[in-house]
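First comes the structure, then the notes that go with it.
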Amino acid sequence: MHHNFNFSSFFVMLSLLLCNDVLSAASGKDVDGTSIVRGLIIDPGFKIQVFASEIDSPRQLVEDKNGRIYVGSKKSGKIFAIQDSDNNGEADERILVADNLTMATGVSIFDGHLFFSEIDKIWKIENIADALNDGSSMLPTKILVTDNLPNDTWHGWKWLKHDEKGNLHTNVGAPCNVCEQDDPKYATILKLSDDSWDYVARGVRNSVGFDFHPISKKLFFTDNGRDWLGDDSPSCELNRVDRASGFYGFPYKHAKNIFDPEFGEIKTGFDFIDPILNLGAHVAPTGIAFYSGEMFPSDFKNNLFITLHGSWNRSKKVGYKVIRVILDSDGNVIESKDFISGWLDGENVLGRPSAPLVMSDGSLLISDDFGNRIYRISYKGL
């Protein structure tokens, strides 16, 4: 029995499949991320692979004593625990830890307890590693830490970080592009003291990322600059806290020398603290981490990784990369340079790096809330 093979139909179908593959890769939504990884640019000797995929809008990451990674999500309202149990660089375990949350972006661990955020609340699960190892199919019990935070969604998502003494820090962004607010908790970085808040930094428009220097223990934080003053102004910032409750300018002054056209002439009585590094306008820093591991070359020690999430309203897109900031022993910037780029192809967005995490083995994880995946960067040597 003979069958007629339609070569025209075959080539049309093949073309459609190839086209769909290209479009999928260009959109950043290919499930395994291999096409994206091939296009990423990093120094020789480093390897990039997909650690986890199909995680809705992953943001901040933290690791527990057993090597499990906990990931917050801006969109899904869920917290997941993921783990690479066979040490092949790819997560093979995923456990739902909490759900029905609002913009659950922030996660931190202290003394074995997992802390995670909503817009106006912070929760904890005690002894999280034990809770997940008991074999129960029930979600672990979450305990309210505080609900003493504003509930505005505009710049309301949180970053969480404990200092070495166990003090929990978080951010409250300004609920606007630029404005003054009566509630002093807005536009700050705060430290929880019982159920009240101490001011760590004020005049901070929207910090979505801070970390403590491994040696000096000083807090370094990024801040997202205001919009609608042009493509190249004002710059987003990297700042250092040398004294508690200092004022960093917002909404009166931006970056190092940009006075706001609406609020800049107001006499505030504040001594404005300038950033230690201008990161560029509209690049949108959304996470930072000091490198404290041993895997990377020695000149990476105590360098700062910053994820630049990328612009949303600039005429030509910028950001969409991870930069490396080299500091001297006093915490002053020596140099900043690209560490990973390639998530922006012309004006086509392939990924939006969201947050870095230095793992206990010295490798680096980078979440991508556009591609819904987490990358792992390891060093194999030259």
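The values are calculated or read from the model by the stated rules, or taken from the named source; none is laboratory data. None of these values were measured; they are calculated from a predicted model. Here the Cβ positions follow ideal geometry from the backbone for every residue, glycine too, while neighbour counts run over all protein chains shown.
Out of everything in segment 45-76 that is over 23 Å from residue 157 (Cβ atoms) and among the hydrophobic types (A, V, I, L, M, F, W, C), what residue ends up being farthest from the chain's Cα centre (by Cα)?
Only one residue tops the list, namely 46.
Hey, among the residues in segment 41-65 that are of a type in the set (Val, Ile, Thr) and part of a strand (DSSP E or B), which one's surrounded by the most Cβ atoms within 10 Å (Cβ to Cβ)?
Here the answer is 62.
With a cut-off of at least 2 residues that are small (Gly, Ala, Ser), name the strands (runs of 3 or more DSSP E) lying wholly within segment 286-363.
Once the strands (runs of 3 or more DSSP E) in segment 286-363 are filtered for at least 2 residues that are small (Gly, Ala, Ser), what remains is 353-358.
Residue 83: crowded, with 22+ Cβ neighbours inside 10 Å, of a type in the set (S, T, N, Q) and either under 19 Å from residue 210 (Cβ atoms) or at pLDDT 95 or above (or both), yes or no?
When the stated conditions are applied, residue 83 does not pass them.
Being among the small types (Gly, Ala, Ser) and free of Cβ contacts under 8 Å to residues at least 40 places away in the same chain is the filter here, so list the residues in segment 97-117 that pass it.
Passing the criteria: only 104.
Among 161, 121, which is the only one that is out of contact with any helix residue (DSSP H, G or I) (no Cβ under 7 Å at 6 or more places or on another chain), under 16 Å from residue 64 (Cβ atoms) and free of Cβ contacts under 8 Å to residues at least 60 places away in the same chain? Quick ask: steps written out before the conclusion?
Details: 121 fails: under 16 Å from residue 64 (Cβ atoms).
Answer to the selection: 161.
What are the pairs with Cβ atoms under 6 angstrom where one residue, in segment 324-345, is closer than 17 Å to residue 280 by Cα and the other, located anywhere, is of a type in the set (Ser, Thr, Tyr) and assigned to a strand (DSSP E or B)? Sequence gap at least six, or different chains.
Close Cβ pairs (under 6 Å, with a partner that is of a type in the set (Ser, Thr, Tyr) and assigned to a strand (DSSP E or B)) amount to 325/336.
If residue 286 satisfies all but one of (1) within 23 Å of the chain's Cα centre (by Cα); (2) polar (S, T, N, Q); (3) surrounded by fewer than 19 Cβ atoms within 10 Å (Cβ to Cβ), what's the number of the condition it fails?
Failing condition for residue 286: (3).
Yes or no: segment 259-270 includes at least one residue that is outside any loop (DSSP other than H, G, I, E, B) and in contact with a Gly (Cβ under 8 Å, 6 or more places away or on another chain).
No: segment 259-270 contains no residue that is outside any loop (DSSP other than H, G, I, E, B) and in contact with a Gly (Cβ under 8 Å, 6 or more places away or on another chain).
Is it the case that residue 275 is in contact with an Asp or Glu (Cβ under 6 Å, 6 or more places away or on another chain), surrounded by 13 or more Cβ atoms within 10 Å (Cβ to Cβ), farther than 22 Å from residue 332 by Cβ and not polar (S, T, N, Q)?
Spelling it out, it is not the case that residue 275 is in contact with an Asp or Glu (Cβ under 6 Å, 6 or more places away or on another chain), surrounded by 13 or more Cβ atoms within 10 Å (Cβ to Cβ), farther than 22 Å from residue 332 by Cβ and not polar (S, T, N, Q).
Does residue 340 satisfy the criteria of being within 19 Å of residue 218 (Cβ to Cβ) and either aliphatic (A, V, I, L, M) or touching an Asp or Glu at 6+ places or on another chain (Cβ under 7 Å) (or both)?
For residue 340, the condition - within 19 Å of residue 218 (Cβ to Cβ) and either aliphatic (A, V, I, L, M) or touching an Asp or Glu at 6+ places or on another chain (Cβ under 7 Å) (or both) - is not met.
Name the single residue that is farthest from residue 289 (Cα to Cα) among those in segment 66-104 being part of a loop (DSSP other than H, G, I, E, B) and in contact with a Leu (Cβ under 9 Å, 6 or more places away or on another chain).
99
Which ones in segment 364-380 are part of a strand (DSSP E or B) and aromatic (Phe, Trp, Tyr)? Even if it seems obvious, please write down each step before you answer.
In the first step, residues of segment 364-380 are kept if they are part of a strand (DSSP E or B); the result is 364-368, 373-379.
Within segment 364-380, 375, 379 qualify.
When you scan segment 263-282, do you find a residue that is more than 30 Å from residue 62 (Cα to Cα) and among the small types (Gly, Ala, Ser), even just one?
Yes, segment 263-282 has at least one match.
Can you go through 129, 91 and tell me which one is more than 20 Å from the chain's Cα centre (by Cα) and touching a residue at least 60 places away in the same chain (Cβ under 8 Å)?
129
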